[in-house]
Amino acid sequence: MATASITRKQAKALYDFCQENKQGEFGFAKDHGAYFYATTGNQEDGNFSNSIQYIKGCDPEQDETKLGDWYDNAREKCGGDDFGESFPIEWLHVFFTNEHFSNKRTFSVRFNKNSISLVS
């Protein structure tokens, strides 16, 4: 089973974006990198915006001399196929409001080809 994690600061930026834009869900994707994300609006209307929070080592813009090749890292962490999954905003809400998560430094989900769960 694989685990995808972002820092608490990254999770807060994603959560704030979702709150500000009244988003009921956010997602995780592995395609051109591996990242948690939320989007709103559309490009045709000129009101598109997003929040993209890459998991460590999987950002195409990263310094590869320090973190390695983003493509290889994403493939190793998430498998070879591209995919995307959506999650209810409540997962981030619980992460920031439930005492159980108050000392966690990372927001993480665990996944395999059959299931995805919030890491508690």
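The values are calculated or read from the model by the stated rules, or taken from the named source; none is laboratory data. Nothing here was measured: the structure is a model prediction, and the numbers come from that model. Note that we place each Cβ from the backbone using ideal geometry, even for glycine, and neighbour counts take in every protein chain shown. We work out accessible area using only protein heavy atoms, side chains counted, and drop any ligands, DNA or RNA first. Shrake-Rupley method; radii C 1.70, N 1.55, O 1.52, S 1.80 Å.
Side notes on the structure shown:
- When segment 1-30 is filtered for residues that are open to solvent by 60 Å² or more (accessible area, probe 1.4 Å), modelled with pLDDT of 95 or more and not in a helix (DSSP H, G or I), the ones remaining, listed by number, are Thr7, Lys22, Glu25.
- Number of the exception - Tyr35 against (1) under 20 Å from Met1 (Cα atoms); (2) assigned to a loop (DSSP other than H, G, I, E, B): (2)
- Restricted to segment 53-62, and to residues there that are open to solvent by less than 70 Å² (accessible area, probe 1.4 Å) and either assigned to a helix (DSSP H, G or I) or of a type outside the set (S, T, N, Q) (or both), the residue that is farthest from Lys12 (Cα to Cα) is Pro60.
- Evaluation of Val109 against the conditions (1) open to solvent by 50 Å² or more (accessible area, probe 1.4 Å); (2) among the β-branched types (Val, Ile, Thr); (3) in contact with a strand residue (DSSP E or B) (Cβ under 9 Å, 6 or more places away or on another chain) shows that the sole unmet condition is (1).
- Top-ranked residue in segment 85-112 [being charged (D, E, K, R) and touching a residue at least 12 places away in the same chain (Cβ under 8 Å); ranked as nearest to Glu25 (Cα to Cα)]: Glu85
- Test result for Gly46, over 15 Å from Ile6 (Cβ atoms) and either in a loop (DSSP other than H, G, I, E, B) or free of Cβ contacts under 8 Å to residues at least 40 places away in the same chain (or both): yes
- Any hit, segment 34-45, residues being over 14 Å from Val109 (Cβ atoms) and charged (D, E, K, R): yes
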